[in-house]
Structure formats: structure tokens, C-alpha cells
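A.B. asks: I'd like to ask you about the structure that follows.
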Amino acid sequence: MFKIVEVAPVSEFPASPKSAVFPAQSDRLSRREAMLALGSAALLATAGCSRSLDLAALEVDEFTTGTIRPRISVDSHVTRPELMYASFTDEGFVLPEVPFEKVDPKWRRQIVVDPTGEQPGTIVVHLQERHLYWVQPGGDAIRYGVGIGKDGFVWSGRANIQYGKKWPTWTPPAEMIARRPELEKWRGGQPGGLDNPLGARALYIFKDGQDTGFRVHGSPEWHTIGQAMSSGCVRMINQDVIDLYNRVSGKTPIVVV
């Protein structure tokens, strides 16, 4: 059988230590505290199916998030590495899969809080970090790992991406041919393709209306990302440069620091 236990009325319970020591403070509940208390009461009432509470009729302070920053944005093209670096057909070329397990995670495409302070729609290349940032609205950036120029071939400054090309022709400069005579066969230009040093896309850097000769481009040599091996250009994994190319629209500011 159930035993009925009598419970004393609330008024018969002794006051809590806090209310006994600070009676004045306990009497001065803020409207927010009252709201929280009433909210709890509403939940209890709902659970007991006894009565409802019209919260809309109450005057309460608005809750704000203060300086708490919302989560970084979500992008359908920044996802699991096995999807981002998979093989696919592009402009008639079958782009090989990148063995992403062999690529340090810090060089893979990802969304980060923007560290550059530049305007959205700006490309920022940080040479020391070996990262390229595509600055987004709202304080985020898409970050890509890059390869940069070796000592003596590094360029820095502010310029613009004048235009881009898909599967571009690569024409080695005369001074490069002088250093590497085997490139003489490409003096007139190497057609775009899977073995082309410019990779799947190239973005052409101009300063004061003049071609700097430097490019942001793809590379079939994914293993060189994060290293200083180029002749001054910024090289990317082919899948990443295609992603960046699809985001860039028209003339785009670029900052190399």
C-alpha cells in the first residue's frame, strides 16, 4: 500500500540561509530573474497540465548576445577532404585524385576566422605561413595551403587579379629557358594539360596596369604545397585553385605579404 506523507505548507519551511542573511537583496529580484523564475513555473505547470502562463504580457529585458561571435559560416564546397580532393572531369581533362592523407591538414582547404583585416573579396597571400586567404563577408575567410617562390624569386605588395584562365598555356620566360635548356621546346608555349606547370587554372597578377609575370595557379605537384620551390608564383592544389577561380569575379585585389 502507498503511505500518504503530509508536507508542511511553504510558509512553515525555515528561510534559507541566504534569505536570512540578505533579506533586502532577496526582495529585490530583477525583472530578468523574475522572468527566469516564471519560465520555470510555466514549465512545471505544463508538466502538470494545470495552467498556462501568458509570457507575452510580461515586461522583461531583452536578452542580447553581447560580444559573443557566431559560428563560422558553412560552405558546401568546404567539406570532407575525400570529397574536396576527389578525381573529376574538368573541361575534358580527368583531374587525378589527390592523396589527401599525405597532405598536412594545415594545407587543406578550410574556413577560418579572417586574420587579415582586408575587405571581403580580397585575396591575401601570407608568404611566411604559406597560406592564401579568400576574405568572406562576416569575418571569415577560406584558407588554402600554397607553395611560394624560393629565395630570390619572392614578390610582395598590393596588386590586382586582372583575369583568369582555365587550363592555361604556359610560356617559360627566356631567363628560365637559359637556366633550364630542356625548356626550349616550350619557348612558344606549352598547351594546357595535366602536366602543364600552371595546372588547371591561373589568375594573372597585374600592378598599375602592367603584367607582373606572377600568377596564382594550380599545380600537378600537390606535394610541393607548403614549400618554397617556385619561380615566384603562388601555386595551389588543382582542386583548390578551381574552387578559388570559381569564387573570383572580375578584377580582384590581391595582397602578398
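The values are calculated or read from the model by the stated rules, or taken from the named source; none is laboratory data. These numbers come from a predicted model, not from an experiment. No Cβ is skipped: glycine too gets one built from the backbone with ideal geometry, and neighbour counts run over all protein chains shown. All accessible areas refer to the heavy atoms of the entire protein, side chains included, with ligands and DNA or RNA removed. Shrake-Rupley method; radii C 1.70, N 1.55, O 1.52, S 1.80 Å.
A.B. asks: Using a 1.4 Å probe on the protein chains only, how many percent of the accessible area of region 166-234 belongs to carbon and sulfur? Don't skip to the end; give the middle numbers.
C.D. replies: Working: 1700 of 3370 Å².
Carbon with sulfur: 51 percent of the solvent-accessible area.
A.B. asks: Choose one of 167, 142, 204: the residue whose Cα lies farthest towards the positive end of the charge dipole of region 81-256 (beta-carbon charges +1 Lys, Arg; -1 Asp, Glu; about the Cα centre).
C.D. replies: 204
A.B. asks: Exceeding 23 Å between C-alpha atoms, which entries from my cross-link table qualify? They are 106/207; 185/207; 207/251; 166/251.
C.D. replies: On the way: 106/207 30 Å; 185/207 30 Å; 207/251 12 Å; 166/251 16 Å.
The answer is 106/207; 185/207.
A.B. asks: Next up: Work out, in µm²/s and without decimals, the Stokes-Einstein translational diffusion coefficient of region 81-256 at 10 °C, 1.306 mPa s, Rh from Kirkwood over C-alpha pairs.
C.D. replies: Translational diffusion coefficient: 97 µm²/s.
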